[in-house]
Structure formats: structure tokens, C-alpha cells
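> Structure in C-alpha cells, see below.
The values are calculated or read from the model by the stated rules, or taken from the named source; none is laboratory data. Note that the structure is predicted; figures quoted are calculated from it, not measured. Here the Cβ positions follow ideal geometry from the backbone for every residue, glycine too, while neighbour counts run over all protein chains shown. For the accessible areas, the whole protein counts, side chains as well, though only heavy atoms, and no ligand, DNA or RNA atoms are used. Shrake-Rupley method; radii C 1.70, N 1.55, O 1.52, S 1.80 Å.
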Amino acid sequence: MAESKKLTFENLAHLVERRGLMTREQLKDVLVRGKAQESRLFSHHVSGVSRRTHSSSEYVSPAEILASFNLEIKDSPGNLLTEDVITEALASATGMPFLKIDPLKLDLRVVTDHIPRPFALKNLIVAVEESKGIITVAVADPFNEALVNELATARRLEIRRVLSSKNDILKILREFYGFRASVAAAEEEASTSIDLGNLEQYFKLKGHQELEGTDTHVVSAVEFLLNYAFDQHASDIHIEPKRETSLVRFRIDGVMHNIHIIPKQLHAPIVSRIKMLSRMDLAEKRRPQDGRIKTNFNNKDIELRVSTVPVAFGEKVVVRVFDPDILLQDLNSMGFYPRELSLYNSFLRRPNGIILVTGPTGSGKTTTLYSSLRSLSSPEVNIITVEDPIEMVMEEFNQIGVQQGIGVSFDSILRNILRQDPDIIMIGEIRDRETADNAVQAALTGHLVLSTLHTNDSPSTIIRLLDLGVPPFLISATVLGIMAQRLVRKICPHCKKVRTLSQDECDYLQLSGKSYAVWEGEGCKECRGTGYKGRSGLFEVMDMNDKIKALITNSVELAEVSRVAGLEGLVTLREIAIQKMLEGVTTYEEVVSMTG
Ligand SMILES: [Zn+2]
């Protein structure tokens with residue numbers, strides 16, 4: 001092998017300083033600290049077991065050491081000198097393209113087919129793309145050209161190198177080779193059981209020797225898949241049987257992504273592993289089932305709600321991921337404007353009455369309810385929830401799940417719940433007259449009731465309650481306030497740029513007068529090219545004051561409620577959306593799709 005250059009911590013630190021990312025003082029400081037660190041790590045490395053295994057994954061790279069100091073980038077307050085920033089500087093200094101690896105864009109076969117796992121792990125190389133016979137590999141060490149050339153010759157490949165951070169590469173290697181290895185091992189086991197060449201034996205074994213959910217390889221494939229989903233902040237995992245294969249997809253920030261295509265014969269064992277974990281009936285494959293899994297990721301409890309339905313080619317599984325960081329938020333950080341937040345908080349402080357949160361599925365109502373209950377929770381109050389089904393299990397609330405199958409309905413639970421001496425009751429959703437009556441009764445007997453309805457805005461909620469048959473005087477007597485809500489995608493701060501709203505767009509939103517500046521994301525590596533990152537809530541809060549109460553009769557029209565609410569200071573969802581657009585939180589397109 002040709003003698004290769006080696007990157008030292010000292011070289012790297014100088015390079016980063018020359019690129020203008022560090023001050024002279026920072027350089028002096030890190031040289032002292034880095035040297036000490038490097039020699040300590042080196043002696044550990046040589047004396048420890050790692051000398052024998054000689055895997056690069058155990059070795060701490062100069063970029064990692066430098067990143068570990070958490071320095072601020074020169075002239076860029078608040079931005080840290082991360083491993084990515086350092087790697088990008090190193091790439092441009094060595095004339096190599098830098099690649100921020102997006103795991104969702106990788107093809108499992110490309111990653112695992114060309115480079116053997118031990119070689120990839122030892123040398124921190126991952127194949128990221130195959131196009132026209134050329135394999136692009138991401139490497140962590142810019143000076144490993146000779147090694148890559150050897151690989152190219154040995155495997156008869158044409159290889160192009162790009163530089164990526166060591167930790168990104170390691171993560172991909174672990175996820176992809178781990179999942180792949182499990183799937184391949186499981187697949188092999190499944191095929192040896194039928195590919196016997198002996199027809200008699202084949203018939204005997206068929207049906208008995210099929211892979212099961214308890215198979216070690218299936219168990220670890222499912223584990224890899226779940227961890228990968230948590231790591232990518234997926235909200236849903238879909239496992240869909242097709243004619244020949246099985247497709248795994250994730251939903252991230254509201255958008256679906258294809259993740260893996262797995263062999264068809266592994267679909268059933270993977271599904272049965274998930275059904276097992278969620279305590280479903282394994283033998284039942286023709287009826288839809290629901291279950292849940294409680295698991296842990298990065299020291300955080302994560303709740304999974306699993307549902308299965310039979311489709312043409314087998315059972316389709318959807319796993320919803322309930323991340324407590326998303327489901328339980330501080331009301332202050334959800335996107336409220338001050339007027340709406342203080343109004344909503346004033347409802348929560350009342351001892352009794354009904355608070356209604358409305359909006360379509362996926363508008364974040366559950367997050368609002370859980371976060372509200374959490375803010376009210378204390379040792380002095382008894383909180384009971386009635387849900388269908390329980391979204392996320394939380395110890396401080398007493399949660400009751402509706403089970404229609406055994407006759408435990410909303411109605412039957414609510415009829416008995418008052419004997420449990422609650423102070424605050426959360427009713428998952430008011431769908432019918434009975435549930436509405438129970439909510440009213442609970443409010444009249446001194447309880448604070450929080451619930452949701454499927455209506456578009458706050459004024460129409462009153463009409464819906466009248467349609468359900470709740471007498472007008474009882475609505476006036478019990479409902480404290482109504483909040484309608486939506487979620488809009490936030491513009492990615494890393495690729496945000498300004499533009500002017502066109503005349504047509506102004507007309508569509510009925511904005512008149514001057515020209516308006518709005519923002520949008522161009523798409524970058526931080527937002528996977530979507531231009532959006534995270535979501536923000538829009539909240540329209542209607543106070544049930546005397547003017548509104550006086551309107552409520554069986555013959556009142558929606559337009560009249562909306563008109564009076566407007567006069568009383570109601571800021572509509574549409575107005576709030578436009579305000580968020582003009583402040584650069586979200587885009588014109590999001591406003592249109594939300595209000596359209
Ligand atoms: Zn971006």
C-alpha cells in the first residue's frame with residue numbers, strides 16, 4: 001500500500017482556523033487541550049482491547065475531538081463548530097465534495113451490496129449512491145484514497161469519493177448493515193426450510209417451519225426498524241404487503257418516505273413480531289386489531305400505537321409513534337399569540353364548565369389537551385380521562401379507555417365516572433348526544449371538562465352542539481370557551497429567503513394596499529430539500545361572554561355567531577395564519593392549503 005498522509009489534530013485545527021472558522025485565541029487554546037486529549041486517547045487506544053480489533057469506529061477522530069469542545073464559530077454567534085462544519089471545511093481544503101448524508105435517500109441495496117460489512121466498518125466507508133455504474137462512497141478520512149482504489153480494483157468498481165462526518169457514516173453502517181443482516185439471516189432461514197429438493201420432506205415441513213416472530217433475526221430486524229424510525233423523528237411507520245415484496249414507509253413532518261423494500265416471505269414474521277409486542281391476537285389475521293407498545297429510546301419513554309388491517313396481499317401494519325416531547329408541550333411554546341394564550345389560560349383556571357378544542361384529525365388537539373391537563377395536574381386534583389383509544393399512557397392522570405367490544409362505551413364510563421370523585425375530566429371526543437349530555441351534567445355538578453369536537457372553527461361548534469340536541473340554555477350555562485386549532489409547517493430557518501406576494505396571491509387572501517414581503521424555504525440539507533422544519537399551532541379562541549351567550553337559540557345562524565364573535569374581538573384562524581405568514585413563520589402555500 002502506498003504511504004498515506006495522516007490527519008492529525010494539530011493539522012486539522014490549523015486548517016479550521018485558516019478557513020476563518022476559529023479565532024487565533026481559540027486555536028491556541030484548542031491546540032493545548034486537543035493535544036492532551038489526543039495523547040490520552042491514543043495511549044488508551046494502544047493499551048486497550050481496541051488494538052486487536054483495530055476498528056476505526058472505536059477510534060476518536062480529530063474532527064470529533066475538535067467538535068467536543070463546543071466552540072462557537074468565529075463571527076457567527078450561537079452557531080457551534082460541529083463535526084459537520086469541521087468536516088465541510090476539511091472537504092473544501094482537500095478538494096473533495098462534502099456530503100451531509102440523508103438516510104432517507106439511501107437505498108439499502110446500494111449501501112450493503114458493494115462493500116462488505118467488516119471492510120466498511122473498519123475503514124468507515126459507506127456506499128451512498130449508484131449511478132451509471134459509478135458508486136459514490138462517503139468516507140470519513142480524506143487521505144484514504146489508496147485504500148479506496150484497492151477496493152475499486154478488487155471489486156471491479158468505479159468509485160467516486162465524498163467526505164462525510166464520521167458519526168453520520170457510523171450511524172448508517174449500524175442501521176443499514178444491522179437491518180440488512182437481520183433480514184438476510186431471516187430470509188435464509190425461511191428459504192432453507194422449504195428449499196429441500198425432497199418433495200416429501202417439503203410437504204411435511206411446509207406450514208411448520210415457516211419463520212416466526214420469535215426468530216432472533218426477525219426480532220432484531222424489528223428493533224432496528226423501530227430505532228431507525230425514532231432516530232428520524234417519524235410519526236408513523238407503515239408496513240405494507242405488496243404482491244411480490246413488502247414496503248416499509250415512514251411519515252416525517254407530515255410527508256411519507258419510502259424506507260425499505262423487504263422480501264415478501266419476511267412480511268408475515270415481521271408483522272407477527274409487532275403484533276406480539278403489542279399483545280394482539282396472533283392467529284387473528286382477517287379482522288383489524290389495535291394494540292400498543294411502550295418502549296424506550298435515548299432514555300425517553302416512547303409510546304407506540306399499533307393497528308393492523310387485512311388488505312389484498314396480507315396484513316398492513318401502521319405504527320403511530322407518540323413522542324412525549326411532542327405530545328406534551330409547554331402551552332407557551334405551541335405557537336399561541338398572547339391574547340389567545342391568556343384567554344385560553346383563563347378558561348383553564350375556572351373551577352367548572354366545559355372547554356372545547358376543535359379541528360380536523362391531525363390538527364394537534366390531543367397535544368393541546370394533554371398539555372393542558374399536565375399544566376393543571378397537581379397532587380391536590382384528581383384528573384380522569386375517557387379516551388377512545390388512550391393516546392398515550394400517563395401516570396398522573398387516571399385514564400380510561402373505551403372498549404366497545406365488551407360494552408365499555410363513552411356513555412357507560414361517563415355515567416359512572418362521577419363516583420370516582422374527579423375534579424377535572426377529559427373526554428376524548430364529543431360525537432353524540434349522550435356524550436354531550438354527560439359532559440354538560442359533569443360541568444353542572446362542579447367539574448371542569450375538557451373535550452374535542454370535529455368542527456372547522458369556534459363559532460360553528462355552537463351550531464354543532466345545537467344540532468346534537470343540547471338545549472341552548474345548557475350551552476350558555478356550561479361552555480366557558482371554544483378553541484379551534486390547526487398546525488402549519490414552519491419555514492426551515494437554514495434556507496429561508498424573502499419574496500414579494502404577487503397581486504393574484506394578495507387578491508386570494510383579500511389583502512389590499514401595499515406590497516407584502518413573505519418568506520419561503522429554498523430547500524437544503526437541514527430540511528431534506530422540503531423548505532420546512534417543524535410545525536406551529538394556530539389558535540382561534542372564542543370567549544363565551546354574555547353577548548355570545550345571548551345569541552344562542554335553536555334558530556341562530558352561523559353567520560350571526562361569527563359576526564358577533566368578530567365584534568367581540570375574535571381573531572380567526574385565517575387571520576392568524578396570514579399574520580404567521582407575514583412574520584415569516586410559514587409560507588403562502590401553507591396558508592392556502594390550511595384555509596382552502
Ligand atoms: Zn432548509
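> Between a residue in the stretch 458-477 that is over 15 Å from residue 562 (Cα atoms) and any residue that is part of a helix (DSSP H, G or I) and open to solvent by 30 Å² or more (accessible area, probe 1.4 Å), which pairs come within a Cβ distance under 6 Å, given they are 6 or more apart or on different chains?
468/433; 469/433; 476/549
> Is it fair to say residue 300 is modelled with pLDDT under 90, surrounded by fewer than 20 Cβ atoms within 10 Å (Cβ to Cβ) and touching a strand residue (DSSP E or B) at 6+ places or on another chain (Cβ under 8 Å)?
no
> Take the residues of the stretch 425-475 that are over 14 Å from residue 555 (Cα atoms) and of a type in the set (D, E, K, R): which is nearest to the chain's Cα centre (by Cα)?
Among them, the one singled out is 429.
> Just one of (1) of a type in the set (Asp, Glu); (2) within 26 Å of residue 92 (Cα to Cα); (3) in a helix (DSSP H, G or I) trips up residue 130, so point out which.
Among (1) of a type in the set (Asp, Glu); (2) within 26 Å of residue 92 (Cα to Cα); (3) in a helix (DSSP H, G or I), the lone unmet condition for residue 130 is (3).
> Quick check on my filter: what residues within the stretch 510-519 are open to solvent by 30 Å² or more (accessible area, probe 1.4 Å), within 15 Å of residue 589 (Cβ to Cβ) and touching a Leu at 6+ places or on another chain (Cβ under 8 Å)?
516
> Then there is this: Among the numbered criteria (1) open to solvent by 30 Å² or more (accessible area, probe 1.4 Å); (2) away from the ligand (no atom under 16 Å from the Cβ); (3) under 33 Å from the mean Cα position of the chain (by Cα), which one does residue 496 miss?
That leaves (2) as the condition not met.
> Could you list, in sequence order, all residues of the stretch 242-255 that are assigned to a strand (DSSP E or B), under 23 Å from the mean Cα position of the chain (by Cα) and not aliphatic (A, V, I, L, M)?
246, 249, 250, 251
> Then there's this: I'd like the full set of residues that are farther than 22 Å from residue 319 by Cβ, small (Gly, Ala, Ser) and touching a residue at least 40 places away in the same chain (Cβ under 8 Å), limited to the stretch 362-392.
Residues satisfying the conditions are 371, 372, 375.
> If a residue must be touching a strand residue (DSSP E or B) at 6+ places or on another chain (Cβ under 6 Å) and either hydrophobic (A, V, I, L, M, F, W, C) or within 16 Å of the ligand (Cβ to nearest atom) (or both), how many such residues does the stretch 500-517 contain?
Residues in the stretch 500-517 being touching a strand residue (DSSP E or B) at 6+ places or on another chain (Cβ under 6 Å) and either hydrophobic (A, V, I, L, M, F, W, C) or within 16 Å of the ligand (Cβ to nearest atom) (or both): 2 in total.
> Being away from the ligand (no atom under 16 Å from the Cβ) and in contact with a Gly (Cβ under 7 Å, 6 or more places away or on another chain) is true for just one of 485, 420, 441. Which residue is that?
Going through 485, 420, 441 in turn, just one is away from the ligand (no atom under 16 Å from the Cβ) and in contact with a Gly (Cβ under 7 Å, 6 or more places away or on another chain): 485.
> Take the stretch 520-542 and flag every residue that is open to solvent by 60 Å² or more (accessible area, probe 1.4 Å) and either in a strand (DSSP E or B) or at pLDDT 95 or above (or both).
Matches in the stretch 520-542: 533, 535.
> For the stretch 88-138, how many residues meet the condition of being free of Cβ contacts under 8 Å to residues at least 24 places away in the same chain and more than 31 Å from the chain's Cα centre (by Cα)?
Of the residues in the stretch 88-138, 4 are free of Cβ contacts under 8 Å to residues at least 24 places away in the same chain and more than 31 Å from the chain's Cα centre (by Cα).
> Here's something else I'd like to know. Under 30 Å from residue 434 (Cα atoms) and in contact (Cβ under 8 Å) with a residue 12 or more places away in the chain: which single residue out of 535, 528, 486 fits that description?
The conditions single out 486.
> Then there's this: Would you be able to tell me the number of residues in the stretch 258-275 that are assigned to a strand (DSSP E or B) and surrounded by 17 or more Cβ atoms within 10 Å (Cβ to Cβ)?
So the count comes out to 3.
> Can you find a residue that is surrounded by 21 or more Cβ atoms within 10 Å (Cβ to Cβ) and touching a residue at least 12 places away in the same chain (Cβ under 8 Å) anywhere in the stretch 73-82?
yes
> If you scan the stretch 334-360, which residues turn out to be assigned to a loop (DSSP other than H, G, I, E, B) and touching a residue at least 12 places away in the same chain (Cβ under 8 Å)?
334, 335, 336, 337, 350, 351, 352, 359, 360
> Continuing with the same structure: Taking the condition modelled with pLDDT of 90 or more, farther than 24 Å from residue 345 by Cα and either surrounded by 15 or more Cβ atoms within 10 Å (Cβ to Cβ) or not assigned by TED's automatic domain parsing to the domain that holds residue 557 (or both), does residue 475 pass?
no
> Six or more apart or on different chains, Cβ atoms under 6 Å: show the pairs whose first residue is in the stretch 491-502 and under 18 Å from residue 577 (Cβ atoms) and among the β-branched types (Val, Ile, Thr) and whose second is within 10 Å of the ligand (Cβ to nearest atom) and assigned to a strand (DSSP E or B).
491/521
> Among the listed residues 429, 434, which satisfies the condition of being in a helix (DSSP H, G or I) and surrounded by 14 or more Cβ atoms within 10 Å (Cβ to Cβ)?
Of 429, 434, the one residue that is in a helix (DSSP H, G or I) and surrounded by 14 or more Cβ atoms within 10 Å (Cβ to Cβ) is 434.
> Moving to a separate point now. Quick one: residue 547 ticks every box in (1) touching a helix residue (DSSP H, G or I) at 6+ places or on another chain (Cβ under 9 Å); (2) within 16 Å of the ligand (Cβ to nearest atom); (3) not hydroxyl-bearing (Ser, Thr, Tyr) bar one, so which box is it?
(2)
> State all residues of the stretch 160-183 that are over 11 Å from residue 108 (Cα atoms) and among the charged types (D, E, K, R); if no residue qualifies, say none.
160, 161, 166, 168, 171, 174, listed by residue number.
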